Amino acid sequence: MSILFTNIKELVQVRERTNQPLRGHQMDELPSIKNAYLWIEDGRIKDYGSMEDFHSHPAEEVYDCTGKIITPGYVDSHTHLVFAGTREKEFEDRIHGLTYEEVAARGGGILNSAAALENMTEDQLFDQARLRLDQVVAQGTTAIEIKSGYGLSVESELKILRVASRLRKSGTNNHHIIPIKATFLGAHAVPLKFKNDREAYIQLIIQEMLPVIAQEKLADYIDVFCEKNYFTVAEMLRIIEAGSACGLKAKVHVNQFTSLGSIDAAVKAGAVSVDHLEVMESADFDALSGAKTIATALPSCSFFLGLDYAPANEMIDRDIAVALASDYNPGSTPSGNLNFVFSLACIKMKMTPQRAFNALTINAAHALELQDEVGSITKGKRANLMIFKNIESIAAIPYNFGQVVIDRVMVDGRFI
Ligand code: NIG
Ligand code: FE
């Protein structure tokens, strides 16, 4: 099946090679072709270029895209998409003045979500998660990461990862299959029954959960919530080392509330990404500067919890590769809308639309090691696209905050 788009007003994020993430001031450049064509064959990008160089290509479907902008779809490199129930009560408690940490200390937070998840069957979880997947794909997300971490027992952690694995195979309700990477986050919080013996819970993660996950190939990455009252830097290192022995690279939650030195440790341990980064000290910048590890900011979490925003521009000035993701979860970010993340990045973090779009596409693809599949208009990559009509430039996407200005989304050459 081949599809041809002609007369595209602007084809954005066109790159011949994407073998390295964009770092530092490379993020300022967002290459595009005005008055372009794009040719898709069997769900992949076959050719593209300027209409001036266009020689007719055989195609079953031809779309005249006069006035329309086409870009690659977004990549969401950090979500907790599989969860049970919502947490409006805590939301109201925070409106009345409690902090996120205080809510958690009263038994709310992650433990609250884990209790709800324990009572749901795999099928129920799957149905709910699939609806969320449908929704975010309609909002332009065309590759995604899904973490466990609301299980906190062998059975429930496996349940979440099995749901992620089913979503990877079956896709959305309309069977649009987007690339899904799964991350094992058993070390999301210490369950109450291990309160007085946290070492026993770490042993459970390492000895009981990890071997089954590795054996059944249920995860691609390992994650730890490294934070005061959650997991220490030393514990994080032990857990990611155990993950690494099972073939799982690290993507970790760090510096959300406190700078503990976990960024330096994670970079040295070869982490693919360090995520959150609301609280950054100078040693944290030093550790990331010029490193391979990608710095992922989650501005919707800052928005929802009223935290500082990750200092993305300062990181870019320090030659760091920055990505943006949603953090979709019931506690700190009950939204997976990357158009809104785009707005927050520009409005609150003062990222230019060019930097933010690079962070939401090609750098996010690198944060999931999917750079050969998605994240740019490149020959051979999946035809996972967003089509916009009636916008002047991509700056209109963040400008129209709270709205979705996408006209159509395409996954593997098929419109959703
Ligand atoms: O990424 N910070 C840790 N984990 C989630 C929130 C967890 C929750 O409150 O349910 C996050 O923000
Ligand atoms: Fe998270």
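The values are calculated or read from the model by the stated rules, or taken from the named source; none is laboratory data. Fair warning: this is a prediction, and the values are worked out from it, not measured in the lab. Neighbour counts run over all protein chains shown; Cβ positions are idealised from the backbone, glycine included. Surface areas here come from the heavy atoms of the whole protein model, side chains and all, with no ligands, DNA or RNA. Shrake-Rupley method; radii C 1.70, N 1.55, O 1.52, S 1.80 Å.
Cα-Cα over 19 Å: which of K46/K389; K34/K389; K147/K193; K147/K381?
K46/K389; K147/K193; K147/K381
Which value, in Å², gives the accessible area per residue of the chain when a 1.4 Å probe is used on the protein heavy atoms?
For the chain, the per-residue accessible area is 39 Å².
Grab the other residues whose beta carbon is less than 13 angstrom from that of L158, score K and R as +1, D and E as -1, and report the net.
Net charge around L158: -2.
Counting only the heavy atoms of the protein chains, how much of R166 is accessible to a 1.4 Å probe, in Å² to the nearest 10?
80
Just to confirm a number: summing +1 for Lys and Arg and -1 for Asp and Glu over residues other than I263 whose beta-carbon lies under 10 angstrom from that of I263, what do you get?
Counting the neighbours of I263, the net charge comes to -3.
Among the helices of the chain (complete DSSP H runs), which have Cα atoms covering no less than 30 Å along the helix axis and a Kyte-Doolittle mean of at least -0.5?
The qualifying helices: there are none.
For the range 196-217 and the range 351-379, what is the centre-to-centre distance using only Cα atoms, to the nearest Å?
Spelled out, the Cα-based centre of one part sits 33 Å from the other.
So if I place +1 on the C-beta of Lys and Arg and -1 on the C-beta of Asp and Glu, and nothing else carries charge, what would the dipole magnitude of the chain be about its Cα centre? I want it in debye, nearest 20.
Using only the charged Cβ atoms, the result is roughly 380 debye.
Quick one: accessible surface of D42, probe radius 1.4 Å, all protein chains present, in square angstrom to the nearest 10.
About 110 Å², ignoring ligands and nucleic acids.
Mind checking which of M209, A138, A187 is farthest towards the positive end of the chain's charge dipole, using Cβ charges of +1 (Lys, Arg) and -1 (Asp, Glu) about the Cα centre?
A138
Please work out whether the range 82-172 counts as rounded, prolate or oblate from its C-alpha gyration tensor, where a ≥ b ≥ c are the square roots of the eigenvalues and a/c under 1.5 means rounded, while otherwise a/b larger than b/c means prolate and anything else oblate?
Taking the square roots of the gyration eigenvalues as a ≥ b ≥ c, the range 82-172 is oblate.
Per DSSP H run of at least 4 residues, take -39500 (n - 2.57); add these up for the chain, divide by its residues and hand me the 222 nm value, nearest 500 deg cm²/dmol.
-9000 deg cm²/dmol, from helical runs alone.
Sort V224, V62 by accessible area with a 1.4 Å probe, largest first.
V62, V224
How many angstrom lie between the Cα centre of the range 227-295 and the Cα centre of the range 137-173?
Answer, in whole Å: 23.
What does the charge count near A59 come to, summing +1 for each Lys or Arg and -1 for each Asp or Glu among other residues with Cβ under 10 Å from its Cβ?
-2
What whole-number distance in Å separates the alpha-carbon centres of the range 298-345 and the range 46-114?
11
Choose one of H366, N400, G261: the residue whose Cα lies farthest towards the positive end of the charge dipole of the range 260-416 (beta-carbon charges +1 Lys, Arg; -1 Asp, Glu; about the Cα centre).
Projecting each Cα onto the dipole axis, the largest value belongs to N400.
Probe radius 1.4 Å, ligands and nucleic acids ignored: give me the carbon and sulfur share of the accessible area of the chain as a rounded percent.
Result for the chain: 48 percent of the exposed heavy-atom area is carbon or sulfur.
Got a sec? What order do E199, E235, E88 fall in by accessible area at 1.4 Å, biggest, i.e. largest, first?
Largest accessible area first, the list is E88, E199, E235.
Of R198, R355, R414, which has the most accessible area with a 1.4 Å probe, and how do the rest follow in descending order?
Heavy-atom accessible area, descending, gives R414, R198, R355.
If you take the charge dipole of the range 1-80 about its Cα centre, with +1 on Lys and Arg Cβ and -1 on Asp and Glu Cβ, which of M1, T66, S77 is farthest toward its positive end?
Towards the positive end, the residue furthest out is S77.
Regarding the chain, what's the average projected area of the Cα-atom convex hull, expressed in nm²?
Projected over every direction and averaged, the Cα hull of the chain covers 18.6 nm².
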